[in-house]
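The values are calculated or read from the model by the stated rules, or taken from the named source; none is laboratory data. In this text, all values refer to a predicted model and were calculated from it rather than measured experimentally. For neighbour counting, all protein chains shown are included, and Cβ atoms are generated from backbone atoms with ideal geometry for every residue, glycine included. Accessible surface areas use protein heavy atoms only, side chains included; no ligands, DNA or RNA. Shrake-Rupley method; radii C 1.70, N 1.55, O 1.52, S 1.80 Å.
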Amino acid sequence: MYAADFCVDTNVERVILLARHYVSSYEQLLPSPDFVHLSTNDIASEKRQLEEKLKAAGKLLQKKCKNCVEIQTAFSNLPLVRAIHEQIAEKQPNLVMLASDKTSQESKTRSGEQIVTMAKTSPIPVMIVPSNVKYQKIEQALVPCDFAATARLGALKGFHDRERWIHPQLSVLNVDPKQKHDSNHEQLTAGLADILEGYTYEVYYSDNKDTVEGILSFARKQDVQLIIALPGKYSFFYNLTHRSITHAMALNAIRPVLILK
């Protein structure tokens, strides 16, 4: 539903709805924790059921988008990350949209690991949508940025076309507990004017010692509809995933995160 509303708002031409049914050799040979052994017929039946659900989801998405968006469905027998990469190579989309999981803690961890892997390895931008978030028109976006690498903001230039893509007002946030920005604020803001030409934006600072909490607190107070993660080693998302999957996904618990490339 989020994807449908997003596509209508941004004049997306095509959506590829992907499902996959991957059964490893290990699962085929050994019984499940409930001591149920999956036969070839069981696996084939599960696959048929999933394909039917995929077709139904495609019809629902088409109805929501009406005729302004072409809906395609794709089914894969590969693991999730490989399945997505295969579709990127074959279909050449502009964006991957994934949903975070709301089920068990074990499932959340597994889902989080796959999402982080996809976010890091995808050659195109990735948007991660929390399962409990309903679509809101993206009018204001939060861009956490390490001011040691403001050139990374140049990745936003690919989103200038108001007719084809989102063009929100930007809140550029530097989480800076040491307050190093105080000595060169004017120089920094002058540089941003060139990099963010065409955007309406404001610069904010946070002295929170915890980067995640500083970003989350700001996102709640400003009521942004999207958090944008910049590419490269200075990206807060990249650094968070080195600390823990939990930290990275906590950031995605309240707002969609768009990871640029």
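Miscellaneous remarks
- Neighbour cut-off at most 16 other Cβ (10 Å), DSSP loop, trypsin sites (Lys or Arg not before Pro), the stretch 109-155: Lys134, Lys137
- Amide hydrogen proximity for Met97: with H placed 1.01 Å from N in the peptide plane, the residues at 5 or more positions away or on another chain lying under 5 Å are Met127.
- Accessible surface of Thr40, taken over heavy atoms with a 1.4 Å probe and every protein chain present, rounds to 110 Å².
- Each Lys or Arg adds one and each Asp or Glu subtracts one; over the other residues with Cβ under 13 Å from the Cβ of Leu50, this totals +1.
- Between the stretch 40-85 and the stretch 121-142, the Cα center-to-center distance that results, in Å: 21
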